[in-house]
1. Would you calculate the separation in nanometres between label points at residue 267 and residue 228, each defined as 7 Å from the Cα along the Cα-to-beta-carbon direction?
2. Place the peptides 433-443, 419-429, 470-480 in order of packing, highest mean first, counting for every residue the other Cβ atoms within 10 Å and averaging per peptide.
3. Round to the nearest 10 and report in Å² the accessible area of residue 192, as given by a 1.4 Å probe over the protein chains' heavy atoms.
4. Could I get the Rg over Rh figure for the range 15-216? Both from C-alpha atoms, Rh via Kirkwood, rounded to two places.
5. Please determine, in degrees from 0 to 90 and to the nearest 10, the orientation of helix 411-440 with respect to the longest principal axis defined by the Cα atoms of the chain, where the helix direction is its Cα long axis.
6. Could you tell me which of rounded, prolate or oblate describes the range 8-111, using a ≥ b ≥ c as the square roots of the eigenvalues of the alpha-carbon gyration tensor, with rounded for a/c under 1.5 and, failing that, prolate when a/b is larger than b/c and oblate otherwise?
7. Give the accessible surface of the range 195-261 per residue, rounded to a whole number of Å², with probe radius 1.4 Å and ligands, DNA and RNA excluded.
8. Using the Cα centre as the reference, give the magnitude of the dipole from point charges on the C-beta atoms of the chain (Lys, Arg: +1; Asp, Glu: -1; all else neutral), rounded to the nearest 20 debye.
Amino acid sequence: MIYCIDHPPPNLPQPITACLLSAAFFGALGSSFIYGYNLSVVNAPATYIKAFYNQTWIDRYNEPVAAETVTLLWSITVSIFAIGGLCGALSVSYIIRVLGRRGTLLVNNSFAVIAALLMSLGETAKSFEMLIIGRFIIGVDSGKSLSVLPMYLGEITPRHIRGSIGQFNSILICLGVFTGQVLGLPELLGQESRWNYLFAFLAFPAVLQLCVLPFLPESPRYLLMERRDEEGARRAFQKFLGKDDVSEELEEVHAEARAQETLQAVSVFQLMKSQTVRWQLVTVVVTMASYQLCGLNALWYYTNGILLEAGFNQEIVPYITLSTGGIETLAAIISGLVIERIGRKPLLIFGFTAMAVFFSLLTVFLNFQDRVSWMPYLSYICILAVIASFCSGPGGIPFILTGELFEQASRPAAFMIAGTVNWLSNFAVGLLFPFIQETLQTFAFLVFVAVCIVASIYLYIVLPETKNKTFMDISQSFAKINQIPYPSPSHEMEMVLAIQPDEKKEAVKVESSL
């Protein structure tokens, strides 16, 4: 049988549309990219920023700033990004109810533009406070976007490519880190006269998102289940999926709505009390905490030192460090290409397990690198392997899972909890790792080995595979472990027939075809 292009066979998946790709790319560009960029952008100009703090202090008080004060100001500048992220994550569930997914992303760009202005003009205004406040504001921007973007992408994407599209979040984070490393090179913006332009660049992806996102639809699930706008949801599905007949997608959302006890947004307190999502919530907390506590952020403390130990010249170390950002981006892209074939669970378990293995090897190599001349090279290979292992699964899938494990009413509160755990864990690593490093020296990475092993074991025992499943299917797979009854497919069909008597014949036809 031959099908025309406008009417593909019903069992074949629809092609990815330009509208869906635009939403994924530009949504991540103005969100995840900015977060990743801010993880690396402060490294290259650190010396110049500290000199700016000292000069500002001299201009104000006619004396050089004390070394302890400079250290304190720099620590605040770096760590306040996580504090801002926590504030952004805590506020997202309230804002998203009013503005929706796309609306929140659009309004969030104002934070990025304001932060870019404050940080880039701080030197001209002779105010290091502007730089610190700007870092806090861009943290708020990142805290919101890391919750809203995965939610938006999960709700607009067909389930057979939900993982691949969701990995745009991880890919653009890695690309942001890599871009910050490249622009921070001395030949570009990593100079004393240009470092403020590194922060001005933050406005560029935000403005690009502002130019594109208004022309893309809002989440059809949000429109249908929370705004009761069925016609708007129909048009949104048609644009994202590139087809006129979206009755099947609309019915899936209606079925999810009927299966929920309430369509009112669930509060964080209600979500934490609910037995029906208890293990979903525990799973998200474990994966999101492991995402930060697995040791990748702490790894950057050792990278430059290992390169210098290996005999590389100080001047070329920044260029060799670019390989870490390149490996990150490449691994994230490969993960996005294979996630729908391999699945979320295997990639997560593989990533954490491989990290445990390479962290263990890194510990061995670090203890012998003073005795064997070529050992630092093996240490650096282990660093690249740890980064690749992280980006193969743990680097992006926790955000995808948070959107998949909860149904519509619970999703904003779930992302608020996940975001809070994410940023608190981020702050904890930055605060505690220097003490761990001082106490355990080269054995410090064994702490992260333990975290990765515990995460792998938990995910192997508890997490079901979620690829190509509806949100209702995923909730049903947790029903047994949550010790609650869940409507069977036949019972759900009875609900459909009872609630939609005018469509009884059509529903029976669909049931018989299945």
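1. Placing both labels 7 Å along Cα→Cβ, they lie 2.3 nm apart.
2. Answer by packing, highest mean first, reads 419-429, 470-480, 433-443.
3. 120
4. For the range 15-216, the value is 1.03.
5. 30
6. prolate
7. 46
8. Approximately 320 debye in magnitude.
The values are calculated or read from the model by the stated rules, or taken from the named source; none is laboratory data. What you see is a predicted model, and the numbers here were worked out from it, not measured in a lab. Glycine gets a Cβ as well: all are built from the backbone with ideal geometry, and neighbour counts include every protein chain shown. Accessible surface areas use protein heavy atoms only, side chains included; no ligands, DNA or RNA. Shrake-Rupley method; radii C 1.70, N 1.55, O 1.52, S 1.80 Å.
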